[in-house]
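Here's the structure, in structure tokens; my notes come after.
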């Protein structure tokens, strides 16, 4: 079983996770930029973070045989903080970089006017840079948030078929599918979706344009949930081709829209006596 986790925050995970993910079949990941867990105090903190998504994390992933790409954006939660909003001006210089395969995650957290502005601006950036967009749907008032998201997407220059609506569930999947967007589902130990609910949705709506992710971060989450969904699909009667479509071909197709997806794993280079990085060089 080959697995592409299209939404996982490896910055908050350990190398043990990379090792376990590879053993489970994970060969590629996309890491969306997200918030720190505590308020950022300046746009400059985003820049160091973006640099790490383009340099350090691909290096760490390559040591374990996993291809790493990222998405870059001002996330919805931090779009409400005036100290963070100026980072929008810096995004274009990151969105031209080879390792960036989408604009994201963007969307809504609390559905504020500031989030309206940031979402519209970043959908335009995605259109300007010929990139797809990874859109976070809110964890509260999910259906209202999805409908508001779709209104903004339809008003933008970005085609709906270049939009992945993430964190969907039973209350939002129908409207998202009818809109023509790609469908993203996060599988978590306690919140969001679980394996059985995911299988039920796949039975009801089919595997077309469906992406399943672990969204693993620093909270209680599990980077092996993608494998769990694959195993549950097989146990429920789906065939290996269906599993491969959901866990590999669909994310490859979506993140390949911008023409930058490279699934070859880069040579991580030399280390110093088994340490993570060669020391003493520039």
Could you work out how far apart the two model spin labels at residue 170 and residue 42 are, taking each label as a point 7 Å from the Cα in the direction of the beta carbon, and quote it in nm?
4.9
Give me the Debye-computed log₁₀ of I(q)/I(0) at q = 0.15, 0.17, 0.18, 0.22 Å⁻¹ for the range 66-201, equal point scatterers on Cα only, no solvent, two decimals.
-0.70, -0.90, -1.00, -1.36
Under a plain spin-label model, where a point goes 7 Å from the Cα along Cα-to-Cβ, how far apart in nm are residue 218 and residue 59?
2.1
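Can you give the helix-only mean residue ellipticity at 222 nm for the chain, where every DSSP H stretch with n ≥ 4 adds -39500 (n - 2.57) and the sum goes over all residues, rounded to the nearest 500 deg cm²/dmol? Please list the in-between numbers first.
Numbers: 11 runs with 103 residues, N = 282.
Roughly -10500 deg cm²/dmol at 222 nm, from the helical runs in the chain.
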Candidates 139, 68, 162, ranked by Gaussian network fluctuation over the chain, Cα under 10 Å, top entry:
139
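Using Stokes-Einstein with the Kirkwood hydrodynamic radius over Cα pairs, what translational diffusion coefficient do you get for the chain at 37 °C and a viscosity of 0.692 mPa s, in µm²/s rounded to a whole number?
On the way: Rh = 18.9 Å.
This corresponds to a translational diffusion coefficient of 174 µm²/s.
Given 0.36 nm per residue, what is the gain on full extension from residue 97 to residue 140 after removing their alpha carbon distance, in nm?
On the way: separation 43, 0.36 × 43 = 15.48 nm, distance 3.33 nm.
12.1 nm is the gain from fully extending residue 97 to residue 140.
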Largest fluctuation, 123, 183, 202 only, Gaussian network model of the chain with Cα springs under 10 angstrom, belongs to 202
How far apart, in nanometres, would the label points at residue 27 and residue 235 be if each is projected 7 angstrom from Cα along the Cα-to-Cβ direction?
2.5
Calculated FRET efficiency for the pair residue 191/residue 155, C-beta based, R₀ 25 Å, to 0.05
0.25
Ordered by packing density, taken as the mean number of other Cβ atoms within 10 Å over each peptide's residues, highest first, how do 154-161, 188-195 rank?
188-195, 154-161
Out of 167, 129, 69, a Gaussian network model of the chain with alpha-carbon springs under 10 Å gives the largest mean-square fluctuation to 129
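Only the coordinates and a few stated rules stand behind these numbers; no lab work does. No experiment lies behind these values; they were computed from the predicted model shown. Neighbour counts run over all protein chains shown; Cβ positions are idealised from the backbone, glycine included.
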